[in-house]
Amino acid sequence: MLDRLYAYRFELFFISQVILLFGSLLPIPSGVVESILFPLSAIINSLIGIVLLRFKPKSKWFLVILLFIIVILYILQSVGSINQGAIGVLLMITNFIFYSIITIEIIEQVWNATLINQKIILGLISGYLSLGLIGFFICVCIESANPGSFHGVTIDAAQPNLLIEDLMYYSYVTLLTIGYGDMLPITPLLTRRQ
């Protein structure tokens with residue numbers, strides 16, 4: 001079974017990433033997307049990420065532990081009685097670690113491919129999408145540590161998802177080197193101590 005899934009690893013990972021990134025565009029009520037579709041697609045994406053590491057047992061077991069943590073965090077988030085801010089931070093950290101490992105693995109597998117075909121191209125696109133997610137997690141960490149770090153992002157306590165959407169957009173616009181200029185970092189990289 002794992003061998004069969006491994007043969008289609010890039011296709012499956014790409015499809016799960018597209019659902020994860022663009023699932024909110026489906027004609028489904030937003031509450032269902034946030035409470036069911038997004039966590040479910042994130043867990044499926046993590047499972048397929050484990051398949052990518054089939055031949056690296058240590059890394060694979062580390063991702064299994066990360067997946068277990070991610071599932072527990074999504075369950076705790078759905079319960080809603082525990083500090084949601086702390087759960088959100090832990091989800092960001094675990095997803096950042098997950099996508100960092102997976103991105104390195106995808107790049108390595110694509111780099112070592114001897115035959116370029118549709119599967120490898122989808123792997124390349126998946127690696128690129130994963131780089132955008134890593135950039136997104138970095139932007140969220142920067143904004144969390146120093147609120148107001150980005151000009152042009154929507155900061156509304158009533159709608160925290162707007163900030164997430166803006167930072168996701170900023171990450172991909174930056175990664176694609178489009179640079180519209182509608183959002184930009186405004187805090188200095190290093191601050192001088194006096």
*Kindly rank 176-184, 41-49, 6-14, 88-96 from highest to lowest mean number of other beta carbons found within 10 Å of each residue.*
41-49, 6-14, 88-96, 176-184
_If I fit a long axis through the Cα atoms of helix 38-52 and take the longest principal axis of the Cα atoms of the chain, what angle between them do I get, 0 to 90°, rounded to 10?_
40 degrees
*Which whole number of Å³ per residue matches the convex hull of the alpha-carbon atoms in the chain?*
168 Å³
*asked:* Run the helix sum for the chain: -39,500 (n - 2.57) per DSSP H stretch of 4+ residues, divided by residue count, reported at 222 nm to the nearest 500 deg cm²/dmol.
replied: -23000 deg cm²/dmol
*Selection from ILE43, ILE107, PHE137, by position along the positive dipole direction of the chain (Cβ)*: ILE107
*asked:* Output the 0 to 90 degree angle, nearest 10, between the alpha-carbon long axis of helix 160-175 and the longest principal axis computed from the alpha carbons of the chain.
replied: 60 degrees
*Could you pull out every residue, at least 5 positions away or on a different chain, whose amide H is within less than 5 Å of the one on PHE150? Hs are placed 1.01 Å off N in the peptide plane, and Pro or chain starts have none.*
ILE186
*Using only Cα atoms, find the angle between the long axis of helix 57-79 and the longest principal axis of the chain, and express it within 0 to 90 degrees, rounded to the nearest 10.*
50 degrees
*How large is the dipole of the chain about the Cα centre if only Lys and Arg carry +1 and Asp and Glu carry -1, each at its Cβ, rounded to the nearest 20 debye?*
680 debye
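Quick note: the coordinates plus some simple rules give every number you see, no bench work behind them. What you are looking at is a predicted structure, and each value in this text was computed from that prediction instead of being measured. Here Cβ is always computed from backbone atoms with ideal geometry, including for glycine, and neighbour counts include all displayed protein chains.
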